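See below for the structure under consideration.
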Amino acid sequence: MTSSGTSPSGLPGSAAWELLLPAAAAPARARGRSLQEALRAAVRSGRLVPGTRLPSSRDLAADLGVSRGLVTEAYEQLTAEGYLRSGRGAGTWVGGAVRAAHPRARDLAPHSPGARADFRPGTPDLSLFPRAAWAAAQRAVLAEVPHHALGYPDPRGLPRLRTALAELLARRRGVVADPERLIVVSGVAQATTLLGYVLHARGMRDMGVEDPGSPEHGTLYIAAGLDAVPVPLDDEGLDLDALRASGVRAVVTTPAHQFPSGIAYSAGRRTELLDWARSVDGLVIEDDYDGEFRYDRAPVGALQGLDPERVAYTGSVSKSLAPGLRLGWLLVPESVAEEVVERKRTMDLGHPALDQELFARFVERGDYDRHLRRCQRAYRERRDALVAALEEHFPGAEVSGIAAGLHVIAALPERYGPQERFLERTAAAGVAVRPLTDFAHARVQGQGEGVRLVLGYAQLSPARIAAGVRLMAGALDG
């Protein structure tokens with residue numbers, strides 16, 4: 001190394017020694033590959049800028065204490081890839097095709113705002129995930145699955161899982177479940193998108209969505225090329241007069257436990273909705289997002305069981321196990337089955353085979369049923385704790401909706417309003433809540449009705465629920 005900071009070869013010392021010496025010190029069998037990777041990294045990062053002349057292979061080999069052949073091979077490989085350029089008798093230079101990169105891995109997953117109490121709805125208690133049973137199923141699957149099963153799967157899903165799911169859904173949700181029309185998907189979001197693409201290809205341009213309702217429904221159908229048309233609700237479900245007036249021929253619903261209002265569609269409204277679908281040759285899409293969790297009685301069966309040719313049924317493990325598993329199902333009418341399967345095939349060539357084998361075993365052995373019973377007990381206790389805490393700290397508060405799911409609607413007396421001031425003060429106290437107006441498509445929805453909150457409780461222990469409601473009340477007293 002010269003006193004000027006460059007190597008005898010003329011390559012900047014920092015690049016030659018700091019970046020390349022560790023590669024030169026690698027084990028003999030990996031030394032050539034390590035040298036190539038170090039040179040690529042130097043070019044990508046901008047440590048070696050375009051136009052920099054590199055030392056001859058002889059000089060660089062002497063500097064690094066490696067064979068000249070290793071350096072020659074590295075130069076040739078990176079020249080072939082476009083990182084370097086060379087000419088007969090002109091030496092080797094850093095090429096101009098590469099731009100300095102500054103890679104970083106951002107995390108765009110939804111995160112808690114760091115609240116002291118987070119009552120935002122839609123999140124299950126991920127600490128209840130059955131790690132031991134899941135790990136046992138995973139070990140068993142890896143030991144028993146044949147090699148050929150690791151190839152591309154049936155785009156509908158593995159027959160083993162579709163059969164297990166068909167039995168599960170027929171038993172627990174009362175659906176008419178034909179495994180041939182059941183498609184394994186990566187959650188309700190993909191099921192929604194698949195149906196949107198198929199209906200758009202058939203010439204449909206509008207999709208009815210519940211108002212208030214899940215914001216994701218409208219967003220996903222818009223992405224598939226359909227306009228989301230809000231349809232208002234009453235105490236029994238979708239307003240059928242408004243649905244007829246909208247002109248849509250397809251509508252997405254949450255009839256077992258409407259999100260976010262918390263109502264269950266009445267028997268009469270379910271019948272009227274199916275009559276409407278038949279009259280317009282239309283389709284009802286049933287999102288059974290938390291239909292398993294009913295605390296005052298047995299869950300009402302799925303709408304799909306009444307007319308499987310007019311209802312597409314979808315659900316997932318996002319609320320029962322964990323949303324990060326990205327695992328769900330879609331049961332479609334025969335009239336659209338082939339088109340939906342083809343869309344699934346071209347979208348991703350099928351759901352991961354090992355994940356399907358694992359969940360099939362989890363269902364077959366009764367582990368999923370046991371987990372659902374555990375969650376049922378925990379969530380019922382937490383709902384009771386939230387209702388009791390609201391009664392204690394917000395006298396006169398009214399909790400509406402059926403005893404089910406992972407959230408309640410709480411209407412607070414007018415003295416706790418106006419709503420904007422309430423939200424500002426609770427947020428300042430570190431309490432995260434969402435008002436019902438957040439889920440309304442029409443801006444006038446909920447205005448002038450005081451403070452109406454959609455409070456999630458599944459992710460919080462009873463003690464944390466009580467403390468969070470107490471903190472919320474204290475923010476208003478201060």
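So for segment 287-422: antiparallel DSSP bridges make up what percent, rounded to the nearest 5? Don't jump to the answer; show the numbers that get you there.
Values: 8 of 9 bridges.
Here the antiparallel bridges make up roughly 90 percent for segment 287-422.
Bridges between two residues of the chain, per DSSP, are antiparallel at a rate of about 60%. Close amide H pairs (under 5 Å, H built 1.01 Å from N) link Arg294 with Gly405, residues at least 5 positions away or on another chain.
Charges at C-beta only: +1 for Lys and Arg, -1 for Asp and Glu. How large is the resulting dipole of segment 206-336 about its Cα centre, in Debye rounded to 20? Using only the charged Cβ atoms, the result is roughly 340 debye. Among 86-98, 336-348, 206-218, sorting by the average number of other beta carbon atoms lying within 10 angstrom of each residue, highest first, gives 206-218, 336-348, 86-98. Taking every C-alpha pair closer than 8 Å and separated by at least 6 residues, the mean separation divided by the residue count of the chain gives a relative contact order of 17 percent. Note on Arg415: accessible area approximately 150 square angstrom, rounded to 10, probe 1.4 Å, nucleic acids and ligands left out. Each principal axis of the chain carries a Cα extent, and these read 87, 60, 46 Å when sorted largest first. Ala135 sits among other residues whose Cβ lies under 13 Å from its own Cβ, and their net charge, with Lys and Arg +1 and Asp and Glu -1, is +2.
Starting from the coordinates of the alpha-carbon atoms of segment 94-214, obtain the Kirkwood hydrodynamic radius over all distinct pairs and give the value in Å to one decimal.
On the way: mean 1/r = 0.0497 Å⁻¹.
Radius from the Kirkwood sum: 20.1 Å.
In the chain, the longest principal axis of the Cα atoms and the axis of helix 367-393 are about 70 degrees apart. Per residue, the average separation of C-alpha pairs within less than 8 Å and at least 6 apart gives segment 74-193 a relative contact order of 12 percent. One equal scatterer on each Cα of segment 227-307, no solvent, Debye formula: the resulting log10 I(q)/I(0) at q = 0.17, 0.25 Å⁻¹ is -0.64, -1.37. Averaged over residues, the count of other Cβ atoms within 10 Å places the peptides 364-374, 186-196 in the sequence 186-196, 364-374, highest first. For Asp234, the residues 5 or more places off, or on other chains, whose built amide H falls under 5 Å of its own are Asp239. Once the cut-off is 16 Å, how many percent of the Cα-Cα pairs in segment 376-478 end up in the long-distance tail? Counting every Cα pair in segment 376-478, those more than 16 Å apart make up 55 percent. In the chain, the DSSP-assigned H stretches of four residues or longer account for a calculated mean residue ellipticity at 222 nm of -13000 deg cm²/dmol, using -39500 (n - 2.57) per stretch and the full residue count as denominator. Note on segment 14-150: Cα Rg divided by 2.2 N^0.38 Å, N the number of residues, gives 1.72.
Projecting the Cα positions of Leu423, Leu390, Val341 onto the charge dipole of segment 298-439 (unit charges on Cβ atoms of Lys, Arg, Asp and Glu, taken about the Cα centre) puts Leu390 furthest along the positive direction. Relative to its Kirkwood radius, the Cα radius of gyration of segment 146-238 gives an Rg/Rh of 1.07.
Between Arg434 and Val454, the built amide H atoms are under 5 Å apart, and every one of these is 5 or more places off in sequence or on another chain. From the alpha carbon centroid of segment 226-279 to that of segment 109-187 is 28 Å. Solvent exposure of the chain amounts to 47 Å² per residue of accessible area, where only protein heavy atoms count and the probe is 1.4 Å.
Show me the ranking of peptides 314-323, 75-84, 173-182 by mean Cβ neighbours inside 10 Å, starting with the highest.
On the way: 314-323: 22.0, 75-84: 17.0, 173-182: 19.9.
Ranking the peptides 314-323, 75-84, 173-182 by packing returns 314-323, 173-182, 75-84.
Which whole-angstrom value gives the distance between the alpha carbon centres of segment 19-74 and segment 339-409? If you average the Cα positions of each part, the centres end up 55 Å apart. Split the accessible area of the chain by element, probe 1.4 Å, and carbon with sulfur accounts for 51%.
What is segment 125-273's relative contact order, in percent, from Cα pairs under 8 angstrom and six or more apart in sequence? Write down the numbers at each step before the final one.
Details: 153 pairs, mean separation 23.9, N = 149.
Relative contact order here is 16 percent.
The values are calculated or read from the model by the stated rules, or taken from the named source; none is laboratory data. Keep in mind it's a predicted model, so treat the numbers as computed, not measured. Every residue, glycine as well, gets a Cβ built from its backbone with ideal geometry; the counts of neighbours run over all protein chains shown. Surface areas here come from the heavy atoms of the whole protein model, side chains and all, with no ligands, DNA or RNA. Shrake-Rupley method; radii C 1.70, N 1.55, O 1.52, S 1.80 Å.
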